[in-house]
Amino acid sequence: MDIPTISGEMIPDQIFLLIVLIIIALVVIVVVAQWRKVAQAKTSVAMLEKEIQLKKMSMVEKDIESKRLMDNPIPMPQDQQDSLKAIRQSTTDVRNEIGYLHSEINERLARLEAQTEQKKLEKMLKEIEAKEKKLNGKK
């Protein structure tokens, strides 16, 4: 028995079955490929979660270790203590200077933006006044 097509021609049963089998095979291949991708994605997400947990644990361990060292300072000679104190003070001074510079830059940028906006608005006002004069002069 032959299968009729839209154009009215007949397709033999064996060719029709071959076409159906090819379509089914393609669908199965696509489904399997997508399933593999999903499985790989789940695996990589699980691996990333484990890595994050390990990094968190490592950070907590380092934090605990640093707190332990802070609580139980290692006895040092006075000159080494003075040297560390000077380094800490120098670091604090540099951080303060960085903070000041950031603030100064932000304030100057804000002032520059405001001045630019003011100039633009003044120019627009002059243009409006000129247009008003022109319109009023024509009446």
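The values are calculated or read from the model by the stated rules, or taken from the named source; none is laboratory data. For clarity, every value in this text was computed on a predicted model and none was experimentally measured. Cβ placement follows ideal geometry from the backbone for every residue including glycine, while neighbour counts extend to all protein chains displayed. SASA here: full protein model, heavy atoms, side chains in, ligands and nucleic acids out. Shrake-Rupley method; radii C 1.70, N 1.55, O 1.52, S 1.80 Å.
Before moving on, here are some points about what is shown:
- Members of the stretch 87-111 found to be of a type in the set (Gly, Ala, Ser) and open to solvent by 60 Å² or more (accessible area, probe 1.4 Å), listed by number: Ser90, Ser103
- Any hit, the stretch 58-72, residues being assigned to a helix (DSSP H, G or I), β-branched (Val, Ile, Thr) and open to solvent by less than 90 Å² (accessible area, probe 1.4 Å): yes
- Of the candidates Ile11, Ile87, the single residue that is β-branched (Val, Ile, Thr), at pLDDT 90 or above and out of contact with any Cys (no Cβ under 6 Å at 6 or more places or on another chain) is Ile87.
- Taken as a whole, the condition of being at pLDDT 95 or above and surrounded by 10 or more Cβ atoms within 10 Å (Cβ to Cβ) applies to Thr116.
- Just one of the listed residues (Ala33, Ala25, Ala41) is open to solvent by less than 100 Å² (accessible area, probe 1.4 Å), modelled with pLDDT under 95 and out of contact with any Leu (no Cβ under 7 Å at 6 or more places or on another chain), namely Ala41.
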